[in-house]
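The values are calculated or read from the model by the stated rules, or taken from the named source; none is laboratory data. Since this is a predicted model, take the numbers as computed values, not measurements. Cβ placement follows ideal geometry from the backbone for every residue including glycine, while neighbour counts extend to all protein chains displayed. Ligands, DNA and RNA are excluded from the accessible area calculation, which covers all protein heavy atoms including side chains. Shrake-Rupley method; radii C 1.70, N 1.55, O 1.52, S 1.80 Å.
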Amino acid sequence: MFWQIHLLAVTSAGSASIWRAGLREIVTLTGMILVSSPLKEYDKRIEILTREQGRIPAFAQGARKQNSALSACTVPFTFGEFQVYEGRNSYSLKSGIITRYFGNLADDYDLLCYASYFTEIARYLTRESVRADSELLLLYITFKALQAGKVPAQLIRRIFELRFMSVQGEAPGVFACVRCGNTDAYNVYMAEGGLVCEDCQKKDIQLKGHYPVKLSADARYALQYIISSPFEKLYSFNLSESVMAEVDGFVEKYLARYLPHHFKSEEFLRI
């Protein structure tokens, strides 16, 4: 399977490799660097989204020194194995093996803004000590799609946002009317965490004014595909300009209602 071959080959049965190093327990975690910042004169503080432990902070002592072995494995957007040991309040990075480097996204300002936005969402929606298999996989394949350049960055953004919400259990109901269960109606409106068909809307005259989102059959199918498709096929399609406008507007309004958080990096996407 894609996930097993490309991401999880380094460990078995979904558990971290653990051994003793003196009195400290060294743990090997699979993950991606979300953010890295300087600390003191030579150190760095990083945050890693890991499969086994979710999002964790870690300190890399001496990572800013010339020829430091930790320098290459503390760069944002790098994916690999990280050996850490747990301290009183955070982890410390012992070593790392990078298997995929996405740092070249920083060479393109627009792609850098999108990548920063995706990592900020991941930081906000993931938690420490909670497994993040799907979240890590989604972030990984999203960065691959950005790097490949075959799918427009704005579509990648909307796919990532909607699928991440789905992984978090906050996907909108787009497969049937949330009131009557009708799966055939194509003229739909967003309300109550999902879509309401036109017949039900007519029974609630205020609904259209409160949720002025109307979708075509193609746009509705696109949303269904984003929520339900296998991860390895998630970035395998493009949309016409008109359908993209519908999906774009729908996801924007949905996030405004169900993810009311200001992401600083999003400001640069609007420039």
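How large, in percent, is the carbon and sulfur part of the accessible surface of region 61-138 at a probe radius of 1.4 Å?
Numbers: 1710 of 4070 Å².
Exposed carbon and sulfur together represent 42 percent of the surface.
Just tell me which lysines come within less than 18 Å, Cα to Cα, of Lys202; anything on the same chain fewer than 8 places away is out.
Result set, ordered by chain and number: Lys214.
Would you tell me the accessible area of Cys113, worked out with a 1.4 angstrom probe on the heavy atoms of the protein chains, in Å² to the nearest 10?
10
Put +1 on the Cβ of each Lys and Arg and -1 on the Cβ of each Asp and Glu in the chain; which of Thr99, Gln83, Leu29 then has its Cα farthest toward the positive end of the dipole?
Gln83
Suppose each label sits 7 Å from its Cα in the direction of the beta carbon; what would the Phe237-Phe263 distance come out to in nanometres?
Each label point lies 7 Å from its Cα, and together they span 2.2 nm.
Based on DSSP H runs of at least 4 residues, each adding -39500 (n - 2.57), what is the mean residue ellipticity at 222 nm of the chain after dividing by all its residues, to the nearest 500 deg cm²/dmol?
Details: 9 runs with 97 residues, N = 271.
Mean residue ellipticity, 222 nm, calculated: -11000 deg cm²/dmol.
Excluding ligands, DNA and RNA, what is the solvent-accessible area per residue of the chain at a probe of 1.4 Å, expressed in Å²?
On the way: 13730 Å² over 271 residues.
Averaged over the residues of the chain, the accessible area is 51 Å².
Taking θ as phi - 60°, what are the ³J(HN,Hα) couplings along region 38-53 by the Karplus curve (6.51, -1.76, 1.60), each to the nearest whole Hz, with x for Gly and Pro?
Calculated HN-Hα couplings, in order: x, 9, 6, 8, 10, 9, 9, 10, 10, 10, 10, 8, 10, 5, 7, 10 Hz.
When only C-alpha pairs under 8 Å and at least 6 residues apart count, what is the relative contact order of the chain, in percent? Can you show the working numbers first?
On the way: 445 pairs, mean separation 37.5, N = 271.
Relative contact order for the chain comes out at 14 percent.
Could you check what % of the DSSP bridge pairs in the chain are antiparallel, to the nearest 5? Don't skip to the end; give the middle numbers.
Details: 42 of 45 bridges.
Close to 95 percent.
Pop the C-beta distance of Lys253 and Val35 into the FRET formula with R0 = 25 Å and round what comes out to the nearest 0.05. Write down the numbers at each step before the final one.
Details: r = 29 Å, r/R0 = 1.15.
Result of the calculation: an efficiency of 0.30.
Share of antiparallel DSSP beta bridges in region 54-195, in percent to the nearest 5?
Values: 12 of 15 bridges.
Of those bridges, close to 80 percent are antiparallel.
Taking the full set of protein chains and a 1.4 angstrom probe, give the accessible area of Arg179 in square angstrom, rounded to the nearest 10.
Its heavy atoms expose roughly 100 Å² to the probe.
In debye to the nearest 20, how big a dipole does the chain give about its Cα centre with +1 on each Lys and Arg Cβ and -1 on each Asp and Glu Cβ? Before the final figure, lay out each step's value.
Values: 31 positive and 29 negative charges, 133 e Å.
Dipole magnitude for the chain comes out near 640 debye.
For the chain, take the longest principal axis of its alpha carbons; what is the angle in degrees between that and the long axis of helix 217-228, to the nearest 10 within 0 to 90?
That helix lies at roughly 30 degrees to the long axis.
Which residue, Val251, Leu39, Ile141, has the largest displacement toward the positive end of the dipole of the chain when charges sit on each Cβ (Lys, Arg +1; Asp, Glu -1)?
Farthest towards the positive end: Leu39.
How much of the accessible area of region 208-266, in percent, comes from carbon and sulfur atoms when a 1.4 Å probe is used?
Numbers: 1700 of 3210 Å².
On region 208-266, the fraction of accessible area on carbon and sulfur atoms equals 53 percent.
Can you tell me how much longer the chain between Ile205 and Asp184 gets when fully stretched, taken as 0.36 nm per residue apart minus their C-alpha distance, in nm with one decimal? Before the final figure, lay out the partial values.
Details: separation 21, 0.36 × 21 = 7.56 nm, distance 2.11 nm.
Answer, rounded to one decimal: 5.5 nm.
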